[in-house]
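Q: The following block contains the structure, expressed as structure tokens.
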Amino acid sequence: MRTSGTNRAALEVDADELAAVGRRLRTLREARGLSLSELARRAGIGKATLSGLEAGTRNATLETLWSVTAQLDVPLATLLASPSPRTTPTPAEVGARAFPLVRGEAVEAVLLEVFEDAGVTYELYRIRLPARSSQVSPGHPVGVTEHLTVFSGGLRAGPVASPLVAGPGEHISWRSDVPHGYEVVGDEDVHASLLMRYPRR
């Protein structure tokens, strides 16, 4: 699966919110007893990048945020919305604020809702991928699955080694604790919903 060449900022937020994301990230890292160097090494990013994220002076791609949250073993929404190192946003917290548009190499996502079930956290996103775009994302924590329903356009998505194809009205799902990708099939933008399921351990 090819990757698109544009490396855009992940979060469309103001400076105050970017600083808040940095504080949440630092809180999560320190709660796990990890140094900047160790978390950067585990996530496969530069220490300067991680330091800039924590300081609120550097933005990042969606892939970078997913790499970091995978090593912290938390859903992405925890970094976007909750200052606690052990909790994800409640439905009330999600409903009380507008979540930012989060960008990757190809995927543009807006968090719509976070909800809990016995031993599981779910994140529901509305996503868009521009025509002829693609991206490969790092694996999430062990046991995470993605469930995608396409509303328009055609999409090849899933584990890099065995992607699936879905068109309008079709649903696909896969384990996303391995490198996985999204690639638009055809010349039409893809609009879809993405449900991410994180088992709590």
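Q: Taking the Cα centroid of segment 11-50 and of segment 125-156, what is the distance between the two, rounded to the nearest whole Å?
A: Centre-to-centre (Cα) distance: 24 Å.
Q: Where in segment 111-144 does the amide nitrogen come within less than 13 Å of the point 7 Å from the Cα of Arg201, taken along Cα to Cβ?
A: Residues 140-144 fall inside that zone.
Q: Follow-up. For the pair His147/Asp187, report the inter-label distance in nm, with labels modelled 7 Å from Cα in the Cβ direction.
A: It works out to 3.6 nm between the two label points.
Q: Determine, for Trp66, Trp174, the number of other Cβ atoms within 10 Å of each Cβ, and report the residues in order from fewest to most.
A: Listing Trp66, Trp174 from fewest to most nearby Cβ atoms yields Trp174, Trp66.
Q: When Arg103, Arg200 are ordered from fewest to most other Cβ atoms inside 10 Å of their Cβ, what list results?
A: Placing the least packed residue first, the sequence is Arg200, Arg103.
Q: By how many nm would the segment from Ser173 to Glu30 lengthen if fully extended, with 0.36 nm per residue of separation less the alpha-carbon distance? Walk me through the numbers before you get to the answer.
A: Numbers: separation 143, 0.36 × 143 = 51.48 nm, distance 3.36 nm.
Computed gain between Ser173 and Glu30 is 48.1 nm.
Q: If you rank Leu80, Leu194 by fewest surrounding Cβ atoms within 10 Å, what's the result?
A: The order, fewest Cβ neighbours first, is Leu194, Leu80.
Q: To continue, here is another question. Excluding Leu25 itself, what net charge comes from residues whose Cβ is under 12 Å from its Cβ, given Lys and Arg +1 and Asp and Glu -1? Before the final figure, lay out the partial values.
A: Details: positive: Arg23, Arg24, Arg26, Arg29, Arg32, Arg58; negative: Glu30, Glu54.
Net local charge, Leu25 excluded: +4.
Q: What FRET efficiency comes out for the pair Thr57/Leu164, r = Cβ-Cβ distance, R0 = 30 Å, nearest 0.05? Show your work: numbers first, answer last.
A: Numbers: r = 39 Å, r/R0 = 1.30.
Efficiency, rounded to the nearest 0.05: 0.15.
Q: Could you work out the local net charge near Tyr125, counting Lys and Arg as +1, Asp and Glu as -1, over the other residues with Cβ closer than 13 Å to its Cβ?
A: My count for the surroundings of Tyr125 gives 0.
Q: What does the net charge come to around Val150 if you take all other residues with beta carbon closer than 14 Å to its beta carbon, with K and R at +1 and D and E at -1? The partial results should precede the final answer.
A: Working: positive: Arg126, Arg128, Arg156; negative: Glu146, Glu170, Glu183, Glu188, Asp189.
Summing Lys and Arg as +1 and Asp and Glu as -1 gives -2.
Values in this text are rule-based calculations from the coordinates and carry no lab data. Quantities reported herein were computed from a predicted structural model and do not represent experimental measurements. No Cβ is skipped: glycine too gets one built from the backbone with ideal geometry, and neighbour counts run over all protein chains shown.
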